[in-house]
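Each remark here refers to the structure printed beneath this line.
The values are calculated or read from the model by the stated rules, or taken from the named source; none is laboratory data. Quick caveat, the model's predicted, so the values are computed rather than measured. A quick note on method: Cβ atoms are made from the backbone with ideal geometry, for glycine too, and the neighbour counts reach across all protein chains shown. Note: areas computed on protein heavy atoms with side chains; ligands, DNA, RNA excluded. Shrake-Rupley method; radii C 1.70, N 1.55, O 1.52, S 1.80 Å.
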Amino acid sequence: MTDELPAVQRLLDAAHEIAQAAPYLAALVMAIGIAWIAVTIRRARRVHAALADRVTVEVVPTSTFDPGEGEIGRWAHQLGRVRQAAAGVPARGSAARLRYRVEAGKMHCFIEGPAQAAAVLAMPGFAEVEIRAHRSQGIQPVTFVLPAQGKGEK
């Protein structure tokens, strides 16, 4: 019967070859899975190490600070270089973060990035801005404090 239908014979031969190779295919799939897990764990450790070793700089403008459009564009381009300066750091760990904080009625601007890009972060982007370097102490979670609610408010 299979002599009359060559396509069926080829299908049966292929099924037989797959059945014989099944243990090897299973081992190959497991090896690929183990390699994928190892690469994922290594990447996660590198990201964690990069996030734990960050540099923070404070940007302090003068009282006459008034940037022009060209200065803002150069500063944005400079911040875009942070990721390139942190070569070897995975994308999740190489991002620059702008943080603003108000203390005693004064607003402070901080730029945080990977330690490998400290030189780029410490470069002044504007003519009338002072840069103060700080060292980050590990991974600092961002928390938001809810305002206190008065009596009767829900």
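I'm checking my understanding of the structure. Among residues of the stretch 83-96 that are part of a helix (DSSP H, G or I) and over 12 Å from the mean Cα position of the chain (by Cα), which one is surrounded by the most Cβ atoms within 10 Å (Cβ to Cβ)? Within the stretch 83-96, the match that is surrounded by the most Cβ atoms within 10 Å (Cβ to Cβ) is ALA85.
If you go through the stretch 99-115, how many residues are in contact with a helix residue (DSSP H, G or I) (Cβ under 9 Å, 6 or more places away or on another chain) and either in a strand (DSSP E or B) or open to solvent by 80 Å² or more (accessible area, probe 1.4 Å) (or both)? Matching residues across the stretch 99-115 total 4.
For the stretch 1-46, the candidate set comprises residues that are farther than 30 Å from GLY93 by Cβ and hydroxyl-bearing (Ser, Thr, Tyr); within that set, the residue that is modelled with the lowest pLDDT is THR2.
The listed residues are ARG42, ARG46, and the only one of them that is in contact with a Pro (Cβ under 9 Å, 6 or more places away or on another chain), open to solvent by 50 Å² or more (accessible area, probe 1.4 Å), over 25 Å from ARG132 (Cα atoms) and in a helix (DSSP H, G or I) turns out to be ARG46.
Across the stretch 64-114, the number of residues qualifying as farther than 25 Å from ARG45 by Cα and polar (S, T, N, Q) comes to 2. For the stretch 116-126, which residues satisfy the criterion of being open to solvent by less than 50 Å² (accessible area, probe 1.4 Å) and not in a loop (DSSP other than H, G, I, E, B)? Scanning the stretch 116-126 gives ALA117, ALA118, VAL120, LEU121. So how many residues does the stretch 49-95 have that are in contact with a Cys (Cβ under 9 Å, 6 or more places away or on another chain) and of a type in the set (Asp, Glu)? The total comes to 1.
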